[in-house]
1. List pairs: first residue in the stretch 103-115 and touching a residue at least 24 places away in the same chain (Cβ under 8 Å), second residue acidic (Asp, Glu) anywhere in the structure, Cβ distance under 8 angstrom, at least six positions apart or on different chains.
2. Does ALA430 qualify as being of a type in the set (A, V, I, L, M), at pLDDT 95 or above and more than 30 Å from LEU151 (Cβ to Cβ)?
3. When you check ILE259 against the structure, is it in a helix (DSSP H, G or I), out of contact with any His (no Cβ under 7 Å at 6 or more places or on another chain) and more than 26 Å from LYS185 (Cβ to Cβ), yes or no?
4. Give me the pairs, please: first residue somewhere in the stretch 269-281 and touching a residue at least 12 places away in the same chain (Cβ under 8 Å), second residue anywhere and open to solvent by 80 Å² or more (accessible area, probe 1.4 Å) and not in a loop (DSSP other than H, G, I, E, B), beta-carbon distance under 9 Å, and either six or more positions apart or on two chains.
5. With the requirement that a residue be part of a loop (DSSP other than H, G, I, E, B) and β-branched (Val, Ile, Thr), what does the stretch 378-406 give you?
6. Assigned to a helix (DSSP H, G or I) and closer than 30 Å to GLU226 by Cα: which single residue out of ALA328, ALA310, ALA265, ALA324 fits that description?
7. Step by step: first the residues of the stretch 397-410, then only those that are touching a residue at least 60 places away in the same chain (Cβ under 8 Å) and open to solvent by less than 20 Å² (accessible area, probe 1.4 Å), then the one that is farthest from ALA133 (Cα to Cα). Which residue is that?
Amino acid sequence: MGRELMGQITSQTFPRRLSPVPITAGSAVVVGAAAAVGLLAGAGYGLYVLLLVFLVLVVSAGIASWRRSLEWMLYYLPFSGLLPLALYPSQGPGTELKDIAFVVPAYLGALLLLLRRRERLSVPRVPVLLLGAMSCLILVEAVNPALANPLVAVIGIKVWLFYIPLIALGYHMFSQKRDLDRLLKWMTILAMIPCALGLVEAALVYGGRSAFVYHLYGAAAGATTEDFTTFQFGGASLTRISSIFTFVAQYWFFATAAIAVAWAAWRGNRSDPTMRWLGPTAITIATFASLTSGLRAAFIFTPLLLLLIAAFDGFDLRALIGGATSSALAIIVVLYLLGIPFGPLANLTSGHASYILGFFGQGIRFGLHHALLGLGTGSDTAQARYAFSGSAYGTTFASLGGVWYESWFLKAFLELGIFGLAVFLCLCGALVRRSWQAHIAIVDPETRSISAAFVALLIWTLIFSVKTALVDEDPLDVYLWLFMGIQWRLGDASLLPTRVTAFSRR
């Protein structure tokens, strides 16, 4: 009886006869691929071969599991500047690696599950009409005859719309809160690497070893530091620092966003003994990294983010006072270590703020006179420079009089016209309203802390976008939309009876 049962299991589990065709074809593919890899490596294309193999593996895994692809992308973002720096001045392929290796596979994997009806990725109470109207305007303006060439429109569409679907994926990304806690913890740990390197770089630069630091960047040194920009204050200076990112502002965006991530990881998982010390440590390191980046805006907007997070996390006056005190102490310590007097820095920063407001007014006046119906999708997008052989402002932004208006709001006005600006403002208000409704629905203190960090980052991004469309750059282009979806799910989960049910996948 035992032999008969074993024979049945064996015959059902292992086919007696395998067709030689798939075996032969598979072997031929493997041998051919190995031969091609060997030939390319021998011809001096080893780096490209490794990159190709990496892409094939990562893309395949991402299509198989879109959640895993997005998780890997978040782990990759702290190091996303390394490849573009290595490929300088041909940074385009390295910059797009994130999208090719992670975002596109995640979209494809989610789409396959939708088509097979294995998942439903709907998001309740999403402002569909405003998102649809905005998308239609962007697509219509893509055929605006004022555009210099069609590639500008393609780039503009990608920058405007490519990451918005991350809202839906973020909403359905986790089945349990502990999975979110684990992700935030690892994001915090990995974020400390570029922040710590940036602090070391700052110590070397301010210690008189700037030549050594710039030598590490090679030909990219000028581009990463905005032509070695330095602000002098008598015997002291404020110098651009970019860590392992391609330009200073990107490093500052990342370091400041790392504060929100670290807060969410720390206060959102208070029972984790590691996060009890790692959270405050990470927030401190990220704060100092942000303040030593060399951007004047850091001394205003980094404390602003800390204040917003503290204010939203329980609406506690003590937390707000603590956030303000911590921010002030951090600024005092940085200024003392760098030898920068507060008065001249305040005058320089206020003067720059006045210039920004004047520049914003200039953009409004230009739009009223020349762009009431819009100049076309991508016409005021920084990445549109890749559509031209040269990157001179006079060429890239010829329709704007050779001026790049960095503001996200001005971009909406100049590219989409006055009606596009109105829809854009309504959409921003609707997104903030949806996030706030989700936040106030949360009762659990840990979940509220995560939500507070994400809502604060959203509002902070919109405030700073009056100056610069930082949402068009890594990592804010991903964080804004993905965190928005996650935060909405946190709020909606609070309306359900249990945590397990709240985070179950649909």
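The values are calculated or read from the model by the stated rules, or taken from the named source; none is laboratory data. Note that the structure is a prediction, hence the values are computed from the model and not measured. Cβ atoms come from the backbone with ideal geometry, glycine included; neighbour counts cover every protein chain shown. For the accessible areas, the whole protein counts, side chains as well, though only heavy atoms, and no ligand, DNA or RNA atoms are used. Shrake-Rupley method; radii C 1.70, N 1.55, O 1.52, S 1.80 Å.
1. Short answer, once both residue conditions are applied: ALA110/GLU119; LEU113/GLU119.
2. Working: of a type in the set (A, V, I, L, M): yes; at pLDDT 95 or above: yes; more than 30 Å from LEU151 (Cβ to Cβ): yes.
The answer is yes for ALA430.
3. Numbers: in a helix (DSSP H, G or I): yes; out of contact with any His (no Cβ under 7 Å at 6 or more places or on another chain): yes; more than 26 Å from LYS185 (Cβ to Cβ): no.
Judged against the criteria, ILE259 is not a match.
4. Correct list of pairs: ASN269/ARG178; ASN269/ARG182; ARG270/ARG276.
5. Of the stretch 378-406, the ones part of a loop (DSSP other than H, G, I, E, B) are 378-381, 388-392, 397, 401-406.
Result: THR381, VAL403.
6. On the way: ALA310 fails: closer than 30 Å to GLU226 by Cα; ALA265 fails: closer than 30 Å to GLU226 by Cα; ALA324 fails: closer than 30 Å to GLU226 by Cα.
Only one candidate passes the filter, namely ALA328.
7. At the first step, the residues of the stretch 397-410 found to be touching a residue at least 60 places away in the same chain (Cβ under 8 Å) are 398-399, 406-408.
Filter once more, keeping what is open to solvent by less than 20 Å² (accessible area, probe 1.4 Å): 407-408.
On the way: SER407: 21, TRP408: 18 Å.
Out of the qualifying residues, it is SER407.
Condition check ((1) more than 20 Å from LEU83 (Cβ to Cβ); (2) charged (D, E, K, R); (3) at pLDDT below 80; (4) touching a His at 6+ places or on another chain (Cβ under 8 Å)) across all residues:
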{"residue": "CYS195", "(1), (2), (3), (4)": "no, no, no, no"}
{"residue": "GLY198", "(1), (2), (3), (4)": "no, no, no, no"}
{"residue": "LEU204", "(1), (2), (3), (4)": "yes, no, no, no"}
{"residue": "ARG209", "(1), (2), (3), (4)": "yes, yes, no, no"}
{"residue": "THR224", "(1), (2), (3), (4)": "no, no, no, no"}
{"residue": "GLN232", "(1), (2), (3), (4)": "yes, no, yes, no"}
{"residue": "ALA236", "(1), (2), (3), (4)": "yes, no, yes, no"}
